[in-house]
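Below is one structure, written out as structure tokens; the observations come after it.
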Amino acid sequence: MAKFFSLGLLFLLFLFFIATSEFAPEEREQLTKKVHKGKYGPGSLRSYQCPNACSWRCSKTQYHKPCMFFCQKCCRKCLCVPPGFYGNKQVCACYNDWKTKRGGPKCP
């Protein structure tokens with residue numbers, strides 16, 4: 001019983017170590033490229049696909065009109081929209097790096 005408990009504890013510590021380890025920025029970028037492999041990255045959309053992609057991205061916000069306006073503006077410039085309703089901007093570098101005059105994110 002004690003051996004089982006110690007093995008379980010060791011396994012949990014191993015999982016904790018993996019979960020808290022951080023990747024270097026280069027490793028993180030390579031990881032996201034492997035995961036999304038052209039599906040969401042820069043140039044993955046054509047300009048005519050932006051309204052549909054932005055409609056999906058902005059569908060759960062209460063500020064739908066401003067979200068759509070800025071999302072489409074960003075999409076036309078970057079030709080990509082990150083997956084999901086919020087976040088995941090690291091997948092599309094242009095979308096992530098475009099800032100307002102005050103330094104805040106321009107793209108939703």
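The values are calculated or read from the model by the stated rules, or taken from the named source; none is laboratory data. Just so it is clear, the structure is predicted and the values come from calculations on it, not from any experiment. Cβ placement follows ideal geometry from the backbone for every residue including glycine, while neighbour counts extend to all protein chains displayed. Side chains are part of the model used for accessible areas, which takes the heavy atoms of the whole protein and leaves out ligands, DNA and RNA. Shrake-Rupley method; radii C 1.70, N 1.55, O 1.52, S 1.80 Å.
Filtering the stretch 42-54 down to residues that are of a type in the set (Gly, Ala, Ser) and either surrounded by 13 or more Cβ atoms within 10 Å (Cβ to Cβ) or touching a His at 6+ places or on another chain (Cβ under 7 Å) (or both), which residue is nearest to residue 70 (Cα to Cα)?
It comes out as 53.
Taking into account only those residues within the stretch 80-108 that are in contact with a helix residue (DSSP H, G or I) (Cβ under 7 Å, 6 or more places away or on another chain) and farther than 13 Å from residue 54 by Cβ, which is most open to solvent (accessible area, probe 1.4 Å)?
Per the criteria, the residue is 90.
Could you identify the single residue in 85, 23, 4, 70 that is over 14 Å from the mean Cα position of the chain (by Cα) and modelled with pLDDT of 60 or more?
When all the criteria are applied, what remains is 70.
Residues 77, 39, 33: which one is at pLDDT below 55, open to solvent by 90 Å² or more (accessible area, probe 1.4 Å) and closer than 18 Å to residue 96 by Cα?
Working: 77 fails: at pLDDT below 55; 39 fails: at pLDDT below 55.
Being at pLDDT below 55, open to solvent by 90 Å² or more (accessible area, probe 1.4 Å) and closer than 18 Å to residue 96 by Cα holds for just one of 77, 39, 33, which is 33.
If residue 57 meets every condition in (1) of a type in the set (D, E, K, R); (2) open to solvent by less than 50 Å² (accessible area, probe 1.4 Å); (3) at pLDDT below 90 apart from one, which number is that one?
(3)
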